1. Select, from LYS40, LYS10, the only residue that is under 25 Å from the mean Cα position of the chain (by Cα) and over 13 Å from LEU113 (Cβ atoms).
2. Can you name every residue in the range 144-163 that is hydrophobic (A, V, I, L, M, F, W, C), within 21 Å of THR130 (Cα to Cα) and over 36 Å from the mean Cα position of the chain (by Cα)?
3. May I ask you to list pairs of residues, at least six apart or on different chains, whose Cβ atoms are under 9 Å apart, with the first in the range 14-29 being closer than 15 Å to SER111 by Cα and the second being among the acidic types (Asp, Glu) and at pLDDT below 85?
4. Give all pairs with beta carbons closer than 7 Å in which a residue from the range 65-80 that is farther than 23 Å from SER100 by Cα and assigned by TED's automatic domain parsing to the domain that holds ASN43 meets a residue that is of a type in the set (Val, Ile, Thr) and part of a loop (DSSP other than H, G, I, E, B); count only pairs at least 6 apart in sequence or on separate chains.
5. Please work out which residue is surrounded by the most Cβ atoms within 10 Å (Cβ to Cβ), limiting yourself to the range 164-178 and to residues that are more than 36 Å from the chain's Cα centre (by Cα) and within 20 Å of PRO129 (Cα to Cα).
6. Among residues belonging to the range 92-104 that are crowded, with 17+ Cβ neighbours inside 10 Å and under 14 Å from ALA36 (Cα atoms), point out the one that is farthest from the chain's Cα centre (by Cα).
7. Mind checking which pairs have a first residue in the range 135-150 that is farther than 11 Å from TYR178 by Cβ and a second that is of a type in the set (Gly, Ala, Ser), Cβ under 6 Å, 6 or more apart or different chains?
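The values are calculated or read from the model by the stated rules, or taken from the named source; none is laboratory data. All values reported here derive from a predicted model rather than from experimental measurement. Note: ideal-geometry Cβ built from the backbone for every residue, glycine included; neighbour counts use all protein chains shown.
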Amino acid sequence: MKLESNIPKKQIFDIFTRHFSIQGWDVKVTSIIASAEDGKNYNITVMILLIIMGFLTLLLFFLGILFWIFAAAYYIASDKHRVKLIHLKDNIYETYTNSSLANKLMNNFISILEKENKISLIKPKPKKPTLEEMYKKLLEVYSATWSSGLAQKRLEKAIEETMIKSKLKREDAIKTLYKKHMGG
């Protein structure tokens, strides 16, 4: 997610540090990156199930111990929750998160700054589909009405008719049909 700030980088990094420090996260700040991490990113349900399976299968001694080993390995291999606020240029920043908890806290941080009019989200520009993507999407639309073999024949016929009727090249005919069916 990209952000644009109307406050200095030092101030936004200070607010980031306070926000995540209050949550008990370890914060690190360099000249261009503010990052924070906390605890292990593991699913407590999986841990509980592995431990319970270990207890239930304790009668089968080795299988029970194996489940406990799986639980320990799962916990050890779990990554920490991480967030990053990266200064790209001027007043432009990009955020990264690696878990739902990290994402929730980053969104909370962003909403606080938005309410104070210190930042604004930069909306990504919609990507224009390639000619191949347009064709595939048209084929999906035609396949919803006709069987796949017939859909391709109908689409090819519509492309040819558009080429003849509007005196267009194949590429432009596909674009015209795409606009007609997709509104784009």
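1. Numbers: LYS10 fails: under 25 Å from the mean Cα position of the chain (by Cα).
Only one candidate passes the filter, namely LYS40.
2. First, the residues of the range 144-163 that are hydrophobic (A, V, I, L, M, F, W, C): 144, 146, 150-151, 155, 158-159, 163.
If we keep only those that are within 21 Å of THR130 (Cα to Cα) as well, we get 151, 155, 158-159, 163.
Those that are hydrophobic (A, V, I, L, M, F, W, C), within 21 Å of THR130 (Cα to Cα) and over 36 Å from the mean Cα position of the chain (by Cα): ALA158, MET163.
3. Close Cβ pairs satisfying both conditions: PHE20/ASP38.
4. If the second residue must be of a type in the set (Val, Ile, Thr) and part of a loop (DSSP other than H, G, I, E, B), the pairs left are PHE67/THR57.
5. Residues of the range 164-178 that are more than 36 Å from the chain's Cα centre (by Cα), as a first pass: 164-169.
Now narrow it down to the ones that are within 20 Å of PRO129 (Cα to Cα): 168-169.
Numbers: LEU168: 15, LYS169: 9.
It comes out as LEU168.
6. Narrowing the range 92-104 to residues crowded, with 17+ Cβ neighbours inside 10 Å: 93, 95, 97, 99, 102.
Still in the running and under 14 Å from ALA36 (Cα atoms): 95, 97, 99, 102.
Working: THR95: 11, THR97: 9, SER99: 11, ALA102: 13 Å.
This residue is ALA102.
7. Close Cβ pairs (under 6 Å, with a partner that is of a type in the set (Gly, Ala, Ser)) amount to TYR142/ALA151; SER143/ALA151.
Yes/no per residue for (1) among the basic types (Lys, Arg); (2) farther than 30 Å from TYR96 by Cα:
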residue	(1), (2)
MET106	no, no
PRO124	no, no
PRO129	no, no
GLU133	no, no
SER143	no, yes
GLY149	no, yes
GLU161	no, yes
LEU168	no, yes
LYS175	yes, yes
